[in-house]
1. Answer yes if at least one residue in the stretch 111-133 is closer than 23 Å to residue 70 by Cβ, not polar (S, T, N, Q) and not assigned by TED's automatic domain parsing to the domain that holds residue 201, and no otherwise.
2. For the stretch 256-304, name all the residues that are charged (D, E, K, R) and assigned to a helix (DSSP H, G or I).
3. Can you tell me which residue is farthest from the chain's Cα centre (by Cα) among those in the stretch 212-244 that are assigned to a helix (DSSP H, G or I) and more than 23 Å from residue 97 (Cα to Cα)?
4. From 193, 156, 186, 176, grab the single residue that is out of contact with any Ser or Thr (no Cβ under 8 Å at 6 or more places or on another chain), surrounded by fewer than 24 Cβ atoms within 10 Å (Cβ to Cβ) and either under 25 Å from residue 277 (Cβ atoms) or in contact (Cβ under 8 Å) with a residue 24 or more places away in the chain (or both).
5. Just checking, which of 12, 78, 35 is in a helix (DSSP H, G or I), modelled with pLDDT of 95 or more and not assigned by TED's automatic domain parsing to the domain that holds residue 215?
6. When the stretch 305-341 is examined, which residues are found to be assigned to a loop (DSSP other than H, G, I, E, B), touching a residue at least 12 places away in the same chain (Cβ under 8 Å) and not charged (D, E, K, R)?
7. In the stretch 212-229, is there at least one residue being under 21 Å from residue 339 (Cα atoms) and either outside the structural domain of residue 78 (by TED's automatic domain parsing) or surrounded by fewer than 21 Cβ atoms within 10 Å (Cβ to Cβ) (or both)?
8. Take residue 232 and tell me if it is farther than 28 Å from residue 295 by Cα and of a type in the set (Phe, Trp, Tyr).
Amino acid sequence: MKTIISNIRIGLISLLLLTSSHLFADTVLRVASWLPPTNPMNKVVIPTWGKWIEEATEGRVSVKIEYGMGHPKTMFNLVEDGVVDASYGYHGYVPGRFKLPQIVEQPGLEGNAEMASYALWNVYNKYFLGANEFEGLELMALFTHGPGQIHSSFKVDSIESLTGKKIRIGGGVQSVLAERLEVTPVGAPAPKVYEMMQQGVVDGAFLPSVEQKVLRLSEVSKHLTIFPNGMYLGSFSMIMNPEFMEYLSEEDQDAIRSVSGERLSLLAGKAWDDSDTAGIASAQEKGVEIYFVQKEDELNLAFNDLAEGVSQVWLNSVAKKDVDAIGALKELRSMAQSYSTN
């Protein structure tokens, strides 16, 4: 009997050691997130990517979301410095560093975030990789939020109704549009908008429709103005620390890359599109007055006239880079439209 008990103990200890060894062998990929838990990045994109990674690496790599890591503009530095292993960043928050991805932000694309994200990932890899804008980082995905609209405390029924109003902007092409619209631009990250509108610091904000629900803007904005193709798009990248990747086996590196890139870009774009629908529903439920601007409406025609040539500002900003920016912009728009017919 003593022998049997002893063997059982040895077996349990061996099993415990094997289990512990397996647990310690697993690698946790820490992804910093600066948007609220209800945002599609945290509800859909990162969890789904995490599931893909776990499946592709047969459980050797898992994903954990880390909140409260700092201002959105610091995410790129946090990943570079290895404070976290990965994150996503909005290019407009770091002026001058990531100019090329902002090709997708220009008015005139006439598509949703999924289409735009597909085109952005493929065009960037074809035309812009040699510019090394992401030096010191591994680029895992490029994507956009849904079309930018106007959330406001006042009715927007003409371009003139915006003149002089204090409007939150997120940088990038929004800065150009704000100047042309003659609004008073107030720069701030998206999570600050609720408080700013509640306190009357701003009269409105340029943001996608999803924020009526996620940032609860339906509680502080009386009006939502939705342009047929939006006013602009906002570009993001998912980035990873190269040293984290090098720590992994080649098999796991390949596995993670296989579920990133275009696949992750499309996942993110579609998640933002789906969330825009939920945002509009939230606005309707809360009694926000929604103006669905029609293509033939004077407001839309006036905005299109005002936005004419905005892309030239972007072209001028990247003129010193050794890239075919004109060719890339043409193919981006063509590729986005062809994706919609697939």
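The values are calculated or read from the model by the stated rules, or taken from the named source; none is laboratory data. Only a predicted model underlies this, so the values are computations on that prediction, with no experimental measurement involved. Here Cβ is always computed from backbone atoms with ideal geometry, including for glycine, and neighbour counts include all displayed protein chains.
1. Taking the stretch 111-133 and keeping what is closer than 23 Å to residue 70 by Cβ, we get 133.
Then drop every residue that is not not polar (S, T, N, Q), which leaves 133.
Checking which are not assigned by TED's automatic domain parsing to the domain that holds residue 201 leaves us with 133.
Looking for residues that are closer than 23 Å to residue 70 by Cβ, not polar (S, T, N, Q) and not assigned by TED's automatic domain parsing to the domain that holds residue 201, one finds at least one in the stretch 111-133, hence yes.
2. Of the residues in the stretch 256-304, the ones charged (D, E, K, R) are 257, 262-263, 270, 273-274, 276, 285-286, 289, 295-298.
Across the stretch 256-304, the qualifying residues are 257, 262, 263, 270, 273, 274, 276, 285, 298.
3. Filtering the stretch 212-244 for residues assigned to a helix (DSSP H, G or I) gives 212-214, 217-219, 242-244.
Subset that is more than 23 Å from residue 97 (Cα to Cα): 212-214, 217-219.
Working: 212: 17, 213: 17, 214: 14, 217: 19, 218: 21, 219: 24 Å.
Among those that are assigned to a helix (DSSP H, G or I) and more than 23 Å from residue 97 (Cα to Cα), it is 219.
4. 176
5. Going through 12, 78, 35 in turn, just one is in a helix (DSSP H, G or I), modelled with pLDDT of 95 or more and not assigned by TED's automatic domain parsing to the domain that holds residue 215: 78.
6. 318, 323, 340
7. As a first pass, look at the stretch 212-229 and keep what is under 21 Å from residue 339 (Cα atoms): 228-229.
From the residues that got through so far, the ones that are either outside the structural domain of residue 78 (by TED's automatic domain parsing) or surrounded by fewer than 21 Cβ atoms within 10 Å (Cβ to Cβ) (or both) too are 228-229.
There is at least one residue in the stretch 212-229 that is under 21 Å from residue 339 (Cα atoms) and either outside the structural domain of residue 78 (by TED's automatic domain parsing) or surrounded by fewer than 21 Cβ atoms within 10 Å (Cβ to Cβ) (or both).
8. Numbers: farther than 28 Å from residue 295 by Cα: no; of a type in the set (Phe, Trp, Tyr): yes.
Against the criterion (farther than 28 Å from residue 295 by Cα and of a type in the set (Phe, Trp, Tyr)), residue 232 does not qualify.
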